[in-house]
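For reference, the structure is listed below as structure tokens.
The values are calculated or read from the model by the stated rules, or taken from the named source; none is laboratory data. Computed from a prediction, not measured in an experiment: that's the story for all the values here. Heavy atoms of the whole protein, side chains included, go into the accessibility calculation; ligands, DNA and RNA do not. Shrake-Rupley method; radii C 1.70, N 1.55, O 1.52, S 1.80 Å.
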Amino acid sequence: MPDTRGGQRKNLGRRGGERSAAEELAELEELLAAAGVPEDLRRAPPGGSDPQAVLHHLVEVGILPSPQQSLTELLAGWKPLRKPGADPLSAELTGAEFLGVLREATSVPDEFPGLLATLVEQAEGSGLPEALAMLRVLAVLGPHEVRSQAAEAADRLVTAGLTDPPWVSELGTAQVDQCFGYADDLGLQQGVALTFIYRREPHAFVVLIDHSLGGGVKDCFVTDQPGRIRADYQRSAKRHGLEFHDYEPATARAILDRALARRPCPVQDDQVEDVADYLELLRQRVALLPGGDATGATGATGPDLANKRRARAGASSTIHQLKITLRRSKPPIWRRIEVPSGITLQQLHHTIQAAFGWEDCHMWVFTTPVGDYGLADRDLGHRSAASRKLADVASRAGNRIRYTYDFGDNWEHDILVQEVLTAEPGVAYPRCLAGRRAGPPEDCGGVGAYAALLETLADPGDAEHAERLEWLGLESAGEFDPARFDLSQVNRVLSARARVLLKR
């Protein structure tokens, strides 16, 4: 991803209203001193007390660049987006950081849209390919007042003969994937991570909310390692006794809508910079999430809120009893589980991982009558599993879908809906009712290779016996019993994501 921070920020002041020429000169002199301009030029330049004359003189003597030079230097930061390999995420980050720098350098915040409008005109006038890249990004991420102007200017440059970068058609259309987070036991701080996918590559928006400082956004940034963030969250939650959550996208949106409606509250310098750069991009990404009132956080009160809660409770009072069987396993490896009918396929994925002892370290997909759902992937034709509920793809007893985990080993699971039932009062779901045999170890090669592994473990005289024990991290073959199924252990793992649908 291109680095567009481009050196130290300069705060030109945030005072509103008109300033006298003397005040402007004093501020100009302060900036020139900080930049190392000789004292004779900044204290007694030709032009006397006229700030514009001072600036004109500094351009003439080469202390400051001309407007054309400034525009060329500004546009140079967009050149990496014209190179092969540039992607829509790089374009968004370049734009977010660029807008953050400009906002902080604007003396009067209300003048920011006007400044950008002028810049759009100048960029179009340059006719440069990097100007086209900038205009396409401003048309999506810029203030609403300039988006149409930037889009029209970009269209004119294309009509004049320039070619859009390949990422333009995807800009602003990242696909929503997993949402997760944690909260401390006192409710003071909350972390939320939103995972998105561009071109099969996942990235995450990481947000820190501080309720002790008013409930606004304390920090937000983008990372291309959502798996590491998830692992960090889980470790921190376990270490400090916090609650780790997998959120439905609508729930995550409700949490963030509430935080974004409040004043940002960054404290440390890096938090201040991150919020300045990425807060507006965060708003755009939150708008991609479905819903917005999943937790009643959008302002509904009184009877309206009560009615919404009752409707949600009615819609989530049924459960699906599923039998999930690992295809071609002999003897059969299977689990019978009960899950809320309204569970998303993403949540069902996590449930299956827990029930079979998988470690969630490979790609996966559900094959359903209405399409394939997993980690959103345009090339593979996979839509986001967070966007579809189990009841949408298998609504009644007898329906079947398939779940495939690890596209190399190709662990295929047949999922049969055995019954659709009313939830039992006071019972938490998902829960496992029964099962048979241990799940195979990760990365052992698939069903056929797993059968061969069991034969090797059962024969101490096999040439690969010791090697396979070492690969499994076992002292002896007796430590792994393929016939063992521990129902209580499976339910202990599932309890971390279980919830009661109907109270007693």
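At-a-glance table
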read-out	value
Amide H contacts under 5 Å for residue 407, placed H, 5+ residues apart	363
Of all accessible heavy-atom area on the stretch 175-259, the percent that carbon and sulfur account for (1.4 Å)	47 percent
Pairs from 238/330; 238/503; 218/389 whose Cα-Cα separation, in the structure shown, is over 30 Å	238/330; 218/389
Cα-based equivalent ellipsoid of the stretch 219-263: semi-axis lengths in Å, sorted from largest, via gyration tensor	21, 14, 12
nm² value of the averaged projected area, convex hull over the Cα atoms of the stretch 65-153	5.5 nm²
For the stretch 107-215: Kirkwood Rh in Å [reciprocal of mean 1/r, alpha carbons]	16.7 Å
Percent of Cα-Cα distances greater than 23 Å, calculated over the stretch 362-504	53 percent
Estimated vicinal HN-Hα couplings, Hz - the stretch 419-431 in sequence order (Karplus 6.51, -1.76, 1.60; Gly, Pro = x)	8, 10, 10, 7, 4, 7, x, x, 9, 9, 10, x, 9
Part-to-part distance (alpha-carbon centres) for the stretch 420-434 and the stretch 84-135, which is given in Å	54 Å
Amide H partners (placed H, <5 Å) of residue 189, local residues excluded	184, 211
